[in-house]
Amino acid sequence: MPTNPAPLPPRWFDRPAPEVARDLIGRFLILRGAGGIVTETEAYAADDPASHSFPGPTARNAAMFGPPGRAYVYRSYGIHWCLNVVCAPGHAVLLRAIEPQRGLNQMAARRGTDKARLLASGPGRLGQALGIGPGDNHHPFDHADFGFLPNALPGAQIISGPRIGISRATHYPWRFGLKGSGFLSRRFPSAG
């Protein structure tokens, strides 16, 4: 990876969420000095009954209808801040897991553990490890210290399966992961 690679531009995200979710696997996510290789994502579309955008624009989901390449942050179960990247209008990709590579001490302090596997494997853990909060909502992912960098793993093998942690449209095969990674929130059924 180049020393100072340019982050992916906003127009790169202006596509359907399932395409972006697949293409983010193996990219490098960096947020304020901490980050790693994206190992797991989940896609949500405007016409998807499990998506926050399904009922149309609201105050809570406004970021999902804003410019592509920005953060959509929401609180899950009143506890965890979850980080998404906005794609086409009403589409977003939930970042489910990364393999930590930078800012390990920062992440360990925020998470209260130094076990790399437990730092950012799962959307709640990822949000906590990266210090995500409501102030990050609408933040553009186009900065060297808040963005997605070029492929860290060119030619990475990607697996897909049903989404997890939701109750509607669970059969959509819109959960994507890095095959063989030990940094997933949960194994994929096809992973054996």
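Just checking, how many residues over segment 173-192 are modelled with pLDDT of 90 or more, over 16 Å from the mean Cα position of the chain (by Cα) and either under 23 Å from PRO16 (Cβ atoms) or among the hydroxyl-bearing types (Ser, Thr, Tyr) (or both)?
Looking only at that region, the number is 1.
I'm checking my understanding of the structure. Among residues of segment 62-73 that are touching a His at 6+ places or on another chain (Cβ under 7 Å) and over 10 Å from ASP136 (Cα atoms), which one is surrounded by the most Cβ atoms within 10 Å (Cβ to Cβ)?
For segment 62-73, the residue satisfying everything is MET64.
For segment 146-172, give me the residue count where each residue is in contact with a strand residue (DSSP E or B) (Cβ under 6 Å, 6 or more places away or on another chain), more than 28 Å from ASP136 (Cα to Cα) and modelled with pLDDT under 90.
Qualifying residue count for the region: 2.
Taking interchain pairs and intrachain pairs at least six residues apart, which have beta carbon atoms under 7 angstrom, with the first residue in segment 87-109 and more than 23 Å from PRO67 (Cβ to Cβ) and free of Cβ contacts under 8 Å to residues at least 40 places away in the same chain and the second aliphatic (A, V, I, L, M) and buried (at least 21 other Cβ atoms within 10 Å of the Cβ)?
ALA108/LEU119
Tell me the residue from GLY103, GLY35, GLY90 that is within 13 Å of ASP14 (Cα to Cα) and among the small types (Gly, Ala, Ser), please.
Result: GLY90 is the single residue among GLY103, GLY35, GLY90 that is within 13 Å of ASP14 (Cα to Cα) and among the small types (Gly, Ala, Ser).
If ALA59 passes every condition in (1) surrounded by fewer than 20 Cβ atoms within 10 Å (Cβ to Cβ); (2) under 22 Å from LEU184 (Cβ atoms); (3) of a type in the set (A, V, I, L, M, F, W, C) but one, which one does it miss?
Status for ALA59: all satisfied but (2).
Restricting the search to segment 23-45, which residues are farther than 15 Å from SER181 by Cα and not acidic (Asp, Glu)?
Hits for segment 23-45 are LEU29, ILE30, LEU31, ARG32, GLY33, ALA34, GLY35, ALA43, TYR44, ALA45.
Sort out which residues of segment 6-20 are of a type in the set (Gly, Ala, Ser) and farther than 16 Å from ALA144 by Cβ, and write them in order of number.
Residue satisfying the conditions is ALA17 alone.
The values are calculated or read from the model by the stated rules, or taken from the named source; none is laboratory data. Worth saying up front: this structure is predicted, and the values here are computed from it rather than measured. Counting neighbours? That spans all protein chains shown, and the Cβs are built from the backbone with ideal geometry, glycine included.
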